[in-house]
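Worksheet: one structure, shown below.
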């Protein structure tokens, strides 16, 4: 009996997994189809642009400063007499811009924005405000999901570009001004070494745009699936954060594998 119960539960978990993947994919397709109606929901869109930008700037700035400082400390630690310092600076630059800033920022914002979106929409779901939208001839997907997904698509790259500039400035300040480990001229030369225009575009625009869509879409999905009162809202928030974080790490690998 225990063995049968195990396989039954395993089958149920497998069915739940593929059902969730299908529902998330369907929600994404339905959201994309409503992009032409974005102007109709412009007020909600502007509110989400504010939430995804102004409210996240302080967090992004703090993360970026310490990403730059941490990268510099590790770079200095790995320095040897054989490898020129400007080569180490090049490694710091590419590591911070292409990998560290985008993914660390996305993971932190998944915790902040993903939980917030799931809790907000989940509260609307259990208080029947989502059903009230339908009675007013407003599509819940267009009213709730579309503005959030588009805001994530647009604003996360903007925030990441801002964070990358701060990270590089903090690295320059720490290495060339505070410790005088390298001169500003050598630092700039290191950034220019083997420079490829696609690398900052990939790290500052493409990856953050994908991460922003993931965070907004999953937060909205789990919010719409909320049931069971206040406890359900907490479970939806947790599920949104955990799922977003796992998918961000997985997608980060595949984007690098396919595009770099």
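Rule-based calculations on the coordinates, nothing more; no lab input. Everything numeric here is computed off the predicted structure, so don't read it as measured data. Cβ coordinates were reconstructed from backbone atoms using ideal geometry, including for glycine residues, and neighbour counts include every protein chain displayed.
Adding -39500 (n - 2.57) for every DSSP H run of four residues or longer, then dividing by how many residues the chain holds, sets the calculated 222 nm ellipticity at -24500 deg cm²/dmol.
For the chain, the longest principal axis of the Cα atoms and the long axis of helix 42-53 meet at an angle of about 40 degrees. The angle between the Cα long axis of helix 115-126 and the longest principal axis of the Cα atoms of the chain comes to about 10 degrees, rounded to the nearest 10. Across the chain, the mean sequence separation of Cα contacts (distance under 8 Å, 6 or more residues apart), normalised by length, yields a relative contact order of 32 percent. With R₀ fixed at 41 Å, the C-beta to C-beta distance from residue 129 to residue 246 puts the FRET efficiency at about 0.90. Label-to-label distance for residue 10 and residue 227 is 2.7 nm, based on points extended 7 Å past Cα in the beta-carbon direction. Of the residues 41, 254, 86, the one with the fewest other Cβ atoms within 10 Å heads the list, and the complete ranking is 254, 86, 41. Packing order of peptides 138-146, 114-122, 160-168, highest average first: 114-122, 160-168, 138-146 (average count of other Cβ atoms within 10 Å over each peptide's residues). The distance between label points at residue 54 and residue 201 comes to 3.2 nm (points 7 Å beyond Cα on the Cα→Cβ vector).
In this structure, residue 177 and residue 35 have a Cβ-Cβ separation that, at R0 = 35 Å, corresponds to a calculated FRET efficiency of about 0.15.
Between the beta carbons of residue 137 and residue 47, assuming R0 = 22 Å, the FRET efficiency works out to 0.60 to the nearest 0.05. What angle do you read, to the nearest 10 degrees and between 0 and 90, between the alpha-carbon axis of helix 2-33 and the longest principal axis of the chain? With rounding to tens, the tilt is 80 degrees. Here the gap between residue 83 and residue 18, fully extended at 0.36 nm per residue and compared with their Cα-Cα distance, gives a gain of 18.4 nm.
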